[in-house]
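The values are calculated or read from the model by the stated rules, or taken from the named source; none is laboratory data. What you see is a predicted model; the values in this text were computed from it and never measured. Methodologically, a virtual Cβ is constructed for each residue, glycine included, from the backbone with ideal geometry; neighbour enumeration extends over all protein chains shown.
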Amino acid sequence: MDCTKPGTGARHVELSKPAIEGGSPVRATTLPYARQWLGEEEIAAVTETLRSDWITTGPRVVAFESAVTDYCGARHTVAVTSCTAALHLALNALGVGPGHEVITTSLTFSATPLAAVYNGATPVFADIDPVTLNINPDCIEEHITPRTRAIAPVHYAGCPCDMDPILALARKHGLAVVEDAAHAIGAVYRGRPIGTLSDITCFSFHAVKNMTTAEGGAAVTDREDLARTMRTRRFFGVARDAWSRASSDKPWEYDVSELGFKYNITDIQAALGLVQIKKLDAFLERRKQIAAAYDAAFSGMEQLTLCRVPHETDSAHHLYVVRIRPGFFRVDRDGLLAALRSENIAANVHYKPVHLHSYFMNTYQTKPGSLPECEQAGNTLITLPLFPAMSHSDVQDVIQAVQKLCSWYAA
Ligand SMILES: *Cc1c(COP(=O)(O)O)cnc(C)c1O
């Protein structure tokens, strides 16, 4: 066949068969969608802690809290076992309880609405903006009732929500705002760092997040009263933990003054976090470069819709998400995801909308069809690998696999 003549099947020659159909994969080993990046410095810091006298909540937690406070430019940090714990404690400290409602997005990890549930409150879901996939501020007010106590926006993929209208709504209706910033440490909204905008901001240091303590989280606030309450309730409702008691006259004496939980983080984890937070800006810079490489490769492809970061924000680029345009493929999203995985690109989905999980449908009567933009996104989005330790050739593999499958499965 003469492929130099137009219209003689030159396009066919370029197509390579997907691995899922028996072709050879783009790469030989699996590329995960996210992975931690630890070095000798982290190993040394953890080892030193293990050799010290104090391994649970102690001086390294105090130092880690200061490091997070300084990084964000906030006033107080309460480090806890997870972002889930931070969200629970944050709503708890703000007085959210039975009979109350918390408005959030459904395109999130279940931890966000569950934080309301743990406090006896009801999660209420507002629809998203289809461009950023963040909660749409214009969709919040219709859900506000006399029972609403808080709004819990999630900075999806690390891109800050449009906070000014959300904060204005909260002020107008007397509501608290708790940010789920599990994806967003280091992100900036209109020149203001995430962590300085609302009542309480919650971060995650889970292994796949932008920096890690293996498992861990933090609640950051400018309000001294909330910081004090969260600190007490992080450890059973005891105002002074074992470390601060250790140096007092009566180290055996303690008082449970209110209902608290067991959410304290260890010095082993804080030692890890103290090293990771020093590297965070370099991690974010590398994430930004990779996201830019993906944007450049995919922005001309009419089969894909990219998420846009509004110009007034700096994303923390936690996830790189593309949406497939349904009429442009011979397969659905799950088919494409399976094909990508066969190419050894472990793409993922963030998220199946929370209101479509059976627990929420059975308990809160949430229904398919109630959040059209969120559901449409939930059916069409794919999270591509993005983590700072990716090499240039890892990035090229992802681009090549996406281009290969888009051509092969083009409608
Ligand atoms: C990871 C994540 C959480 C929970 O964080 P943990 O530290 O694992 O509890 C909450 N919300 C979102 C959006 C997340 O991605």
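At-a-glance table
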read-out: Some residue of the stretch 134-157 being closer than 22 Å to Glu285 by Cα, surrounded by 22 or more Cβ atoms within 10 Å (Cβ to Cβ) and among the small types (Gly, Ala, Ser); value: yes
read-out: Matching option when the condition is touching a residue at least 12 places away in the same chain (Cβ under 8 Å) and assigned to a helix (DSSP H, G or I), among Ala316, Ala291; value: Ala291
read-out: Total residues in the stretch 333-355, condition more than 16 Å from the ligand (Cβ to nearest atom) and either touching a residue at least 60 places away in the same chain (Cβ under 8 Å) or basic (Lys, Arg) (or both); value: 13
read-out: The stretch 158-198, subset small (Gly, Ala, Ser) and not in a loop (DSSP other than H, G, I, E, B), residue surrounded by the most Cβ atoms within 10 Å (Cβ to Cβ); value: Gly158
read-out: Whichever residue in the stretch 106-120 is crowded, with 23+ Cβ neighbours inside 10 Å and over 17 Å from Ile200 (Cα atoms) and, among such residues, is nearest to the ligand (Cβ to nearest atom); value: Thr108
read-out: Close pairs from the stretch 83-95: first closer than 21 Å to Ala207 by Cα, partner among the hydroxyl-bearing types (Ser, Thr, Tyr), Cβ under 6 Å, at least 6 apart; value: Cys83/Ser204; Ala85/Tyr263; His88/Tyr118
read-out: Filtered residues of the stretch 308-319 (kept if within 16 Å of the ligand (Cβ to nearest atom) and at pLDDT below 95); value: none
read-out: Matching option when the condition is over 27 Å from the mean Cα position of the chain (by Cα) and not hydroxyl-bearing (Ser, Thr, Tyr), among Ala227, Ala316, Ala239; value: Ala239
read-out: Conditions (1) among the polar types (S, T, N, Q); (2) out of contact with any Gly (no Cβ under 9 Å at 6 or more places or on another chain); (3) in contact (Cβ under 8 Å) with a residue 60 or more places away in the chain: number failed by Gln269; value: (2)
read-out: Of all residues making up the stretch 383-402, the number that are of a type in the set (A, V, I, L, M, F, W, C) and part of a loop (DSSP other than H, G, I, E, B); value: 4
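For every residue, the table says whether it meets (1) away from the ligand (no atom under 16 Å from the Cβ); (2) at pLDDT 95 or above; (3) in the same structural domain as Ala45 (by TED's automatic domain parsing).
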| site | (1), (2), (3) |
| --- | --- |
| Leu197 | yes, yes, yes |
| Val208 | no, yes, yes |
| Val220 | no, yes, yes |
| Arg231 | yes, yes, yes |
| Val238 | yes, no, yes |
| Asp249 | yes, no, yes |
| Trp252 | yes, no, yes |
| Gly260 | yes, yes, yes |
| Asp267 | yes, yes, yes |
